[in-house]
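Asks: So that we are looking at the same thing, I have put the structure below in structure tokens.
Rule-based calculations on the coordinates, nothing more; no lab input. Just so you know, these numbers come straight off a predicted model, no measurement behind them. Counting neighbours? That spans all protein chains shown, and the Cβs are built from the backbone with ideal geometry, glycine included.
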Amino acid sequence: DTGVSQDPRHKITKRGQNVTFRCDPISEHNRLYWYRQTLGQGPEFLTYFQNEAQLEKSRLLSDRFSAERPKGSFSTLEIQRTEQGDSAMYLCASSLGTGEVVGYTFGSGTRLTVV
Amino acid sequence: SQQGEEDPQALSIQEGENATMNCSYKTSINNLQWYRQNSGRGLVHLILIRSNEREKHSGRLRVTLDTSKKSSSLLITASRAADTASYFCATDDSGFQKLVFGTGTRLLVSP
């Protein structure tokens with residue numbers, strides 16, 4: 001296992017198009033998180049899965065955003081009808097645990113540019 | 001929203017000097033973690049300190065936690081050019097199963 005993988009690394013899309021990102025967590029990790037980071041800011045929480053169940057969604061996640069984690073393995077984050085304000089780095093992280101929040105392992109991120 | 005605020009926002013030092021960055025947070029926590037992010041990359045977990053701990057060491061890193069002041073500090077001793085990165089503190093959102101990150105300190109270590 002080589003860590004958390006995210007694909008693609010970069011995505012340029014036109015406003016109004018749909019985009020989908022993929023995250024492959026560390027295989028034994030049951031928790032998977034999506035964060036968004038804009039320039040000069042810290043990561044902002046979007047959503048979180050424990051196994052295949054999506055347990056929390058941020059208010060930042062409008063109806064245009066949807067995330068899935070079928071079978072508790074990889075996850076996808078889809079943004080419909082992209083807007084310029086969606087331009088950001090989208091980070092995926094995974095961790096192992098059922099109680100205390102332990103350290104995350106992050107992927108390298110997907111940088112989205114909406115033109 | 002971001003729970004933590006790091007101070008300073010940016011720090012520039014020479015190799016061999018120590019770097020200290022501070023983090024303040026707002027709510028009660030179970031633990032506080034520090035992460036490093038090199039430009040354009042993902043974050044790397046550095047160290048975790050629990051709410052019942054006051055100080056923790058890992059290699060050249062020293063972390064302190066003062067829960068009465070809701071603050072933490074990260075000290076990097078004998079800094080190297082390779083330590084150049086952004087550093088973020090993160091707290092577990094007590095009662096919820098996620099980390100909330102601060103705004104970060106950008107550290108530049110010059111040779």
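Asks: Considering all projection directions equally, how large on average is the shadow of the alpha-carbon convex hull of region A:47-100, in square nanometres?
Replies: 4.4 nm²
Asks: Could I ask something else about it? For A:Thr13, put the label point 7 Å out on the Cα→Cβ axis and report which residues of region A:39-56 keep their amide N under 20 Å from it.
Replies: Inside the label zone: A:39, A:44-48.
Asks: Using 0.36 nm times the number of residues separating B:Arg60 and B:Ala10, minus their current alpha carbon distance, what extension gain do you get?
Replies: Working it through step by step, the gained length comes to 16.0 nm.
Asks: Longer than 32 Å from Cα to Cα, which of B:Lys26/B:Lys56; A:Lys57/B:Lys70; A:Lys11/B:Lys56; A:Lys71/B:Lys69 are they? Say none if no pair is.
Replies: Listed pairs above 32 Å: A:Lys11/B:Lys56; A:Lys71/B:Lys69.
Asks: If you don't mind, there's one more thing I want to ask. Tell me, which longest segment in chain A has none of the GluC sites (Glu not before Pro) that fall in DSSP loops with at most 16 further Cβ atoms within 10 Å?
Replies: Value returned for the longest uninterrupted segment is A:53-82.
Asks: State, to one decimal in nm, how far the label point of B:Thr67 lies from the label point of A:Arg22, with both points 7 Å from Cα in the Cβ direction.
Replies: Once both label points are built, they end up 4.3 nm from each other.
Asks: When the chain is fully extended, how far beyond the present Cα-Cα distance does B:Thr27 get from B:Ala82, taking 0.36 nm per residue of separation?
Replies: 16.5 nm
Asks: Just the projected area, averaged over all directions, of the convex hull on the alpha carbon atoms of chain A: how many nm²?
Replies: Hull-based average projected area comes out at 6.9 nm².
Asks: What are the semi-axes of the equivalent ellipsoid of the protein assembly as shown, taken as the square roots of 5 times the eigenvalues of the Cα gyration tensor, listed largest first and rounded to whole Å?
Replies: In descending order, the three semi-axes are 29, 20, 16 Å.
Asks: Here's another thing I want to ask about it. What does the net charge come to around B:Leu99 if you take all other residues with beta carbon closer than 13 Å to its beta carbon, with K and R at +1 and D and E at -1?
Replies: That sum, taken over residues with Cβ under 13 Å, equals -3.
Asks: At 25 °C and 0.890 mPa s, grab the translational diffusion coefficient of region B:3-87 from Stokes-Einstein with a Kirkwood Rh over Cα pairs, rounded to a whole number in µm² per second.
Replies: 183 µm²/s
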